[in-house]
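What follows is a short report on a single structure.
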Amino acid sequence: MAPIAVGDTIPDGTLPWFDENDQIQQLSIHSLAAGKKIVLIGVPGAFTPTCSMQHVPGFITSAEELKSKGVDEILLISVNDPFVLKAWAKTYPDNKDVKFLADGSANYTHALGLELDLSEKGLGIRSRRFAILVEDLKVKVANIEEGGAFTISGADEILKSL
């Protein structure tokens, strides 16, 4: 399957996340994104070094600036279960804007065409690192990394495109 690209409509999917009251919720991507500007962030895994120390913190610290430029929602997707994502989200006490969504079986990641096979490292199927800007369900910017790189999917690159 070809990776999602500029001009494509994002696939629909329902992903679990824990809200601010620690209650598990099911979030429909299309219901949330229809008529809005959102950023979808994909990471290879929760608690991994680049994700935890660079990629995610960049979006958390840039959230207000992203919102001031019209972004309605910032959604982080990782191929992990919702309890792992809940624990990972709690390591960012200043986060008020990034929702941590679990794609435990990589179904949504597959629908995006962005799987990354890390079986040789004992990690199984994961997500490529990416940042996608979406307006009313259409991809406007698709910054998709190769391998383990972190060069084009940071918050700064999304900010430049707004």
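The values are calculated or read from the model by the stated rules, or taken from the named source; none is laboratory data. What you see is a predicted model, and the numbers here were worked out from it, not measured in a lab. Every residue, glycine among them, receives a Cβ derived from its backbone with ideal geometry; neighbour counts consider all protein chains shown. Remember, those area values only see protein heavy atoms, side chains included, never the ligands or the DNA or RNA. Shrake-Rupley method; radii C 1.70, N 1.55, O 1.52, S 1.80 Å.
Screening K96 against (1) surrounded by fewer than 17 Cβ atoms within 10 Å (Cβ to Cβ); (2) touching a residue at least 40 places away in the same chain (Cβ under 8 Å); (3) more than 18 Å from Q26 (Cβ to Cβ) leaves a single unmet condition, (2).
Table: residues versus (1) farther than 25 Å from V71 by Cα; (2) of a type outside the set (D, E).
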{"residue": "S105", "(1), (2)": "yes, yes"}
{"residue": "L114", "(1), (2)": "no, yes"}
{"residue": "L118", "(1), (2)": "yes, yes"}
{"residue": "K121", "(1), (2)": "yes, yes"}
{"residue": "S127", "(1), (2)": "no, yes"}
{"residue": "F130", "(1), (2)": "no, yes"}
{"residue": "L133", "(1), (2)": "no, yes"}
{"residue": "K138", "(1), (2)": "no, yes"}
{"residue": "E145", "(1), (2)": "no, no"}
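Do we find a residue being at negative phi, among the acidic types (D, E), in contact with a Lys or Arg (Cβ under 9 Å, 6 or more places away or on another chain) and at pLDDT below 95 anywhere in region 114-135? Yes - at least one qualifying residue is present in region 114-135.
Give me the residue from region 127-150 that is open to solvent by less than 40 Å² (accessible area, probe 1.4 Å) and basic (K, R) and, out of that set, farthest from the chain's Cα centre (by Cα). Here the answer is R128. Checking each residue in region 105-126 for being open to solvent by 70 Å² or more (accessible area, probe 1.4 Å) and closer than 22 Å to T9 by Cα picks out S105, N107, H110. For Y108, indicate whether it is touching a residue at least 60 places away in the same chain (Cβ under 8 Å), touching a Pro at 6+ places or on another chain (Cβ under 9 Å) and hydroxyl-bearing (S, T, Y). Against the criterion (touching a residue at least 60 places away in the same chain (Cβ under 8 Å), touching a Pro at 6+ places or on another chain (Cβ under 9 Å) and hydroxyl-bearing (S, T, Y)), Y108 qualifies. Counting only strands (runs of 3 or more DSSP E) that fall entirely inside region 2-86 and contain at least 1 residues that are modelled with pLDDT of 95 or more and loosely packed, with under 13 Cβ neighbours inside 10 Å, the qualifying elements are 24-28. Contact map, region 62-74: first residue farther than 21 Å from S28 by Cα, second residue part of a loop (DSSP other than H, G, I, E, B) and open to solvent by 30 Å² or more (accessible area, probe 1.4 Å), Cβ cut-off under 7 Å, separation 6 or more or different chains; pairs are A63/D97; K69/L162. Screening region 103-147 for strands (runs of 3 or more DSSP E) wholly inside it with 2 or more residues that are farther than 19 Å from K160 by Cβ returns the ranges 115-117, 125-127.
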